[in-house]
Structures are given as structure tokens and as C-alpha cells.
């Protein structure tokens with residue numbers, strides 16, 4: 001990424017963004033207080049939302065929902081209309097931001113395929129239980145959430161986890177419930193994370209009404225997978241490693257930007273490098289990350305949104321590769337995937353880029369007179385990347401993200417000079433074990449929490 005591209009990205013604005021965010025904030029505030037207690041200000045916010053969407057396909061449904069909710073009737077259909085309106089507003093912002101990014105980078109992006117006909121959401125079962133709990137949250141509002149209301153979703157989460165097709169919704173609900181449980185009683189909180197909780201609520205509600213399988217439209221792909229870097233998402237109850245990569249199709253054609261994610265359940269005492277041991281069922285992917293090797297994949301399903309449905313048995317570890325060379329040679333030619341409709345949100349943007357020849361103070365980088373903030377908060381505790389290394393770097397392979405009205409760069413790999421010696425560090429370098437002697441020694445002293453928990457679990461099962 002050159003300074004001119006960076007400057008073009010900064011110069012691109014999003015007309016109407018402030019007005020759209022004001023509409024979202026009004027709905028989020030109403031959800032905070034509860035739809036059963038709509039005051040004048042919150043009722044006006046919902047009316048403004050309906051007016052803003054009046055000319056859209058969602059207009060009639062949103063207008064009816066606002067009218068009925070104001071009269072005291074809150075149904076699943078009404079809440080779906082509100083969640084759809086909120087998602088559509090963020091989707092418009094997402095599309096504008098992503099179009100600006102593609103224009104600045106000269107990146108080609110595939111079109112989203114037309115959806116196939118779906119089936120109505122089931123009226124009973126775990127999905128209905130999920131919608132019922134989300135309806136109770138909306139009626140009570142975040143201020144009305146207590147331990148009893150949070151606990152009401154536990155059985156639903158357990159049932160959803162038993163169905164692999166609903167695993168994403170189950171983890172989302174489990175995470176939202178965990179945050180609410182930790183904050184209960186929410187009424188005592190001085191400040192609520194309104195947008196975050198409303199994001200999770202709206203996404204869960206729409207996923208619980210999804211009429212298509214998440215694997216719909218998947219195509220089998222084969223070829224050489226060149227990993228650029230790994231983004232680690234860690235929550236108290238789950239960890240996910242998402243590898244961003246360039247796929248060179250065996251059948252020929254332009255390279256494609258893809259992602260491959262693996263995840264595992266965890267407890268909050270397992271943190272740092274120990275989380276890699278939870279992913280031991282994916283040795284080929286871990287080896288490719290740790291040893292920076294290519295992967296030969298065979299007939300792996302690729303979803304329309306660019307996500308590979310990972311199966312380690314269909315991947316073979318290949319020759320060593322250089323992610324920075326891949327970023328210089330193949331990344332500019334790669335076709336980026338479209339974004340699935342329910343994931344069109346500015347925070348979802350995470351586009352791989354290579355930035356070189358800059359100077360950094362650890363919090364920002366400067367290139368040809370243009371400054372770009374660095375998202376050092378996302379540096380994973382399970383890898384060797386540190387703020388000190390960021391400050392010493394001159395080349396960064398990372399993800400461009402959108403945060404409010406600004407762009408951030410999240411480092412995935414760095415080239416730096418430390419004590420006059422060149423250093424290269426990657427977020428997935430410790431996937432097969434810690435390579436830093438000092439960190440490894442500290443890990444040895446602290447013991448292996450994964451092994452301890454497995455041993456205790458085995459002891460309980462034997463009793």
C-alpha cells in the first residue's frame with residue numbers, strides 16, 4: 001500500500017453517515033430502556049427510523065412495527081422489522097466504506113450471488129426459543145436485565161450447540177448471555193455498551209430467522225493456499241483463529257482472497273499461547289501458520305462470502321512460503337469475495353493489505369505525509385507481536401478495519417529492525433509452541449492449563 005492509496009482512502013467520505021448513525025443510536029437507546037417503556041424521546045426515535053426507511057422495501061414493515069410497538073404490541077415480526085432496518089442502515093455504511101477501500105486499492109471484488117428460495121423459520125424448537133428470549137430482552141430493555149432473564153437462554157444455547165448448522169448462532173447467544181450475566185444487574189451500570197449489545201441482539205434475531213443454510217451456495221475448490229496472516233478472536237468461552245490467505249486455484253484463473261477459520265470452546269483461565277493447544281485437531285493449518293508453509297487443498301467447500309469450510313483432512317502441508325512476497329506479488333491480483341447480506345456492517349471490514357516504507361511511533365504509522373492509526377489493541381496474547389515491535393517496524397502485513405469515521409490497520413505480521421538486526425514476526429508463529437525462550441520459560445513455570453483441565457475432566461468421568 002502506497003502513500004497515494006492511503007491518502008485517497010482518507011479523502012473518501014461517506015455522505016449521510018452521521019444521519020444514519022443517529023437513527024441507529026435512537027433505536028439502540030430505546031432497546032436500552034425497553035420497548036415496554038417507550039418514552040416520548042424513544043417513541044420519536046422509532047418514528048424517525050420509520051420515516052427514513054419509508055421509501056425502501058422495508059418501509060411498510062418498519063412503519064407497521066413502530067405503530068404496533070407504540071401501542072404495546074411486540075411480536076417477533078415487529079422485532080424482525082426493526083432488526084432488519086438497523087442492519088440495512090449499517091449495510092449501506094458498510095457498502096460505501098468498502099467501495100471507497102476497493103477504489104483506493106484498485107481491488108476487484110466479486111458480486112454476491114442471487115439467493116435461492118428459502119423456507120419459513122420454524123415456529124417451534126431451539127430457534128423459536130431463541131427468538132422468544134430475544135423478544136423478552138427487547139421488552140425488558142438492557143436496564144431490566146437480571147440473572148433470571150439471562151439464565152432463561154441456557155437451555156436454548158445447549159440445544160443449538162447440538163446442531164452443527166446452528167453453532168454460529170449458539171456461540172453468539174452464549175457470548176451475549178455471558179456479557180449480560182457479568183454485568184447483571186444491568187440497571188446498576190453507569191454506562192451501557194448500547195451499540196455492541198444491539199449489534200449482537202439484531203444479528204442473533206436475524207440468524208434465528210434465517211431461511212437458508214450457512215453452507216448454501218458452497219463450491220468445492222482445490223489449489224495452493226498461501227497464508228498471509230492469522231487473526232485471533234478470543235472470548236471467555238471460545239477462541240477462533242481466522243487465517244487470511246490467497247488461493248491459487250488448481251483449475252486456473254485469477255487468485256482469490258479467502259479465509260479459513262477454526263475454533264474451540266474454552267474457559268476464561270485458558271489464555272495466551274495455551275489457546276493454540278485447544279486447536280490440536282487442525283495440525284495442517286497450525287503447521288502452515290507456525291512454519292509459514294503453503295497448503296495444498298483438495299475439494300474444500302468455499303462459501304460465497306469467501307470462507308473455506310475447513311477440513312484438515314483435505315489439506316496437505318507444502319513448501320515454505322514468504323507471506324510478504326505473497327502480499328507483494330499475488331495480493332494485488334487477487335479477487336476479493338463479496339460480503340454476505342447479514343454481515344454487512346462497518347466493523348466486519350477486515351481487508352488484507354501490505355504497507356511498507358513507513359515510520360511508526362507504535363500507535364500510528366506515517367507514510368508520505370499521511371497518518372494511519374494502528375490497532376494495537378487487537379495484538380493477540382498468543383503470538384510474538386508487541387507494541388514495541390510495532391514501533392520498530394517498517395513493513396506491516398495487516399488488516400484494514402473501519403472504526404467509526406476512521407480507518408485502522410491491525411498488524412498480522414511485521415518486519416522490523418531491533419538492535420540493528422532485521423526481525424520478522426507473525427501472529428501465528430506460536431501455533432506449534434512458543435519460540436521465544438523467555439516466554440517459553442514462563443509458560444513452563446506456570447504449567448499447562450489445558451492439560452490440567454483435561455486431566456481433571458478425565459478424573460471426573462472415571463468416577
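Where a number appears in this text, it was derived from the coordinates with a stated rule and is not lab data. Model, not experiment: these values are computed from the prediction. For neighbour counting, all protein chains shown are included, and Cβ atoms are generated from backbone atoms with ideal geometry for every residue, glycine included.
Take every pair of alpha-carbon atoms less than 8 Å apart whose residues are at least six positions apart; their mean separation over the length of the chain yields a relative contact order of 14 percent. In terms of surrounding Cβ atoms within a 10 Å radius of their Cβ, 441, 266, 68 rank from fewest to most as 441, 68, 266. What percent does the relative contact order of segment 313-463 come to when contacts are Cα pairs within less than 8 Å and at least six residues apart? With pairs under 8 Å counted, the relative contact order is 18 percent.
Only Cα pairs under 8 Å and at least 6 apart count here; give the relative contact order of segment 22-106 as a rounded whole percent. Once normalised by length, the contact order is 23 percent.
Just so you know, the Cα atoms of segment 219-333 work out to an Rg and Dmax of 14.1, 46 Å.
Using the rule -39500 (n - 2.57) for each DSSP H run of four or more residues, divided by the residues of the chain, the 222 nm mean residue ellipticity is -12500 deg cm²/dmol.
For the pair segment 299-327 / segment 329-377, the C-alpha centres are spaced 21 Å from each other.
Each peptide among 179-192, 313-326 gets the average number of other Cβ atoms lying within 10 Å of its residues, and from highest to lowest they stand as 313-326, 179-192.
Each of 135, 406, 420 was scored by other Cβ atoms within 10 Å of its Cβ. Listed from fewest to most, they are 420, 406, 135. Taking other C-beta atoms within 10 angstrom as a stand-in for reagent exposure, 348, 401 fall in the order 348, 401, fewest first. DSSP bridge analysis restricted to the chain gives an antiparallel fraction near 90%, rounded to the nearest 5. Computed from Cα positions, the angle between helix 437-446 and the longest principal axis of the chain comes to roughly 50 degrees.
When Rg and the Kirkwood radius Rh are both evaluated on Cα atoms of the chain, their ratio Rg/Rh stands at 0.97.
Compared with the dominant Cα axis of the chain, that is its longest principal axis, helix 59-70 is turned about 60°.
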